[in-house]
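**Student:** Once you've had a glance at the structure underneath, I'll fire off some questions.
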Amino acid sequence: MPDAAHPFVTRFAPSPTGRLHRGHAYSALTAWTAARQAHGRFLLRIEDIDATRCRPPFEAAIHQDLAWLGLDWETPVLRQSEHIADYEAAIASLQARDLVYRCFRTRREIAEESARAPHGPMEAWRGAALPADQEARRLAAGEPFAWRLSLDAAAQALGGFEALTFLEEGAGPGGETGTIAARPELGGDVVLARKDVGVAYHLAVVVDDARQGVTHVIRGCDLFEAAHVQRLLQALLDLPCPVYRHHQLRVGPDGKRYAKRDRAETLAELRDRGMSAQTLRRELGFD
Ligand code: GLU
C-alpha cells in the first residue's frame, strides 16, 4: 500500500479525436484498477493540443463513456489546450541550450531523405539546423517550421545516453521488461513543436506527467517506443521519470488491434446495441 513516501498516481490520457473503443476501455480499466489496488490516484487527462483534429463532442463523450464503464477520476481534469504556455516554456528552455533546431522540411522531404538513408527507410530521421543565412532567409519569407530535438546535441549535453534507463513493470511489444536502457535514437530527431500546432505529443506528455506527479504510466505497448524518447526529454528538462507499465494491445476477432482508423466498434455503439458495462468489463478481463 502506498504511503506519503510511496504514492501511486496514474492516468488515462486520451485524445478527443474520435469515440473510444474497446482498446481504450481496456487501457482505462487497467490504469484505474491498478490505482484502486494500490490505494492510489487515477487521473484523466485530455490530450487536446491538436486543435485541427480534436472536437468538443469527442471530449464530452470520453467523460460519458468512462462513467458508463464505471470509472471515476479526480477533478479538475487537465486539458492540455489550457497549458500551452507551459509547453512553450519547456521548449524555450531547450532552445536556450541549443538542444532543438528549426526544421523547415515537409513530411514528404523527410520521407524521401529517410528512404535514401544509408541503412534504408527504417533508420530514424536525423537532421541539423540550417546555416544561419539560409535560416534567416526562410524565416524572413515566412516559411513554416517545426522545432526538432537534436539527438546529437542531447547526447553531447548528457555525455551520451548510456545512463538513461527506465523501469518497465509491464512489457514492450517484444517482451522487454525490467530496467530498460533508453534508446532515444529509435525515434530520431522528434518534433517537439509542430508547424501547425506549436507543440507536440512527447513534450506535452513529459511536462504533464511531471506536473501531475504521475508515478506510473500505464498504457498500451504501442507507446513503448515513446518511453525511450520521453525518458530523454525528462533528463533534459530535469523531470522525474515515472515507472512504466505497458500492456499488450487487445485484438478483435479478426486478430487486429482495435483502432479508430479501422472503425473499431465504439463504446457508444456497444451501449446502443444493449451491451452492459459489466458484460464489457468481463469480456476485457475485469470484474
Ligand atoms: N494521448 C495518447 C493517445 O491517445 C496517449 C498518451 C500517453 O498515454 O502517454 O494515444
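The values are calculated or read from the model by the stated rules, or taken from the named source; none is laboratory data. Predicted, not measured: the structure shown is a model, and the values here were computed from it. All Cβ positions, even for glycine, are placed from backbone atoms using ideal geometry, and neighbour counts span all protein chains on display.
**Student:** Condition (residue is more than 15 Å from Ala235 (Cα to Cα), of a type outside the set (Gly, Ala, Ser) and at pLDDT 95 or above) applied to region 149-162: is it met by at least one residue?
**Tutor:** no
**Student:** Filtering region 47-93 down to residues that are among the β-branched types (Val, Ile, Thr) and part of a helix (DSSP H, G or I), which residue is farthest from Asp189 (Cα to Cα)?
**Tutor:** Across region 47-93, the extreme among qualifying residues is Ile62.
**Student:** Same structure again: Taking the condition over 22 Å from His228 (Cα atoms), out of contact with any His (no Cβ under 7 Å at 6 or more places or on another chain) and without any contact (Cβ under 8 Å) to a residue 24 or more places away in the chain, does Ala115 pass?
**Tutor:** Criteria met by Ala115.
**Student:** Something else now. Among what's in region 258-274 and is of a type outside the set (Val, Ile, Thr) and surrounded by 16 or more Cβ atoms within 10 Å (Cβ to Cβ), pick the residue that is nearest to Glu169 (Cα to Cα).
**Tutor:** Once the filter is applied, the top-ranked residue is Tyr258.
**Student:** Please identify the pairs in which a residue from region 10-23 that is farther than 9 Å from Glu59 by Cα and aliphatic (A, V, I, L, M) has its Cβ atom under 9 Å from the Cβ atom of a residue that is near the ligand (Cβ under 8 Å from one of its atoms) and assigned to a loop (DSSP other than H, G, I, E, B), counting only partners at least 6 apart or on another chain.
**Tutor:** Ala13/Glu47; Leu20/Pro14
**Student:** Can I ask one more? Looking at Glu123, is it charged (D, E, K, R), within 16 Å of the ligand (Cβ to nearest atom) and touching a Ser or Thr at 6+ places or on another chain (Cβ under 7 Å)?
**Tutor:** So Glu123 fails the test.
**Student:** Given the criterion buried (at least 18 other Cβ atoms within 10 Å of the Cβ) and either touching a strand residue (DSSP E or B) at 6+ places or on another chain (Cβ under 9 Å) or in contact (Cβ under 8 Å) with a residue 60 or more places away in the chain (or both), identify the matching residue among Arg138, Arg126, Arg148.
**Tutor:** Residue meeting the stated conditions: Arg148.
**Student:** Looking at region 140-164, which of its residues are more than 15 Å from Arg126 (Cα to Cα) and of a type in the set (D, E, K, R)?
**Tutor:** Of everything in region 140-164, those that are more than 15 Å from Arg126 (Cα to Cα) and of a type in the set (D, E, K, R) turn out to be Glu143, Glu162.
**Student:** When you scan region 65-76, do you find a residue that is under 25 Å from Pro144 (Cβ atoms), out of contact with any Leu (no Cβ under 6 Å at 6 or more places or on another chain) and surrounded by fewer than 16 Cβ atoms within 10 Å (Cβ to Cβ), even just one?
**Tutor:** For region 65-76, residues under 25 Å from Pro144 (Cβ atoms), out of contact with any Leu (no Cβ under 6 Å at 6 or more places or on another chain) and surrounded by fewer than 16 Cβ atoms within 10 Å (Cβ to Cβ): absent.
**Student:** Let me ask something else. Which of the residues spanning region 17-62 are over 21 Å from Ala264 (Cα atoms), away from the ligand (no atom under 14 Å from the Cβ) and at pLDDT 95 or above?
**Tutor:** Thr33, Ala35, Arg36, Gln37, Ala38, His39, Gly40, Arg41
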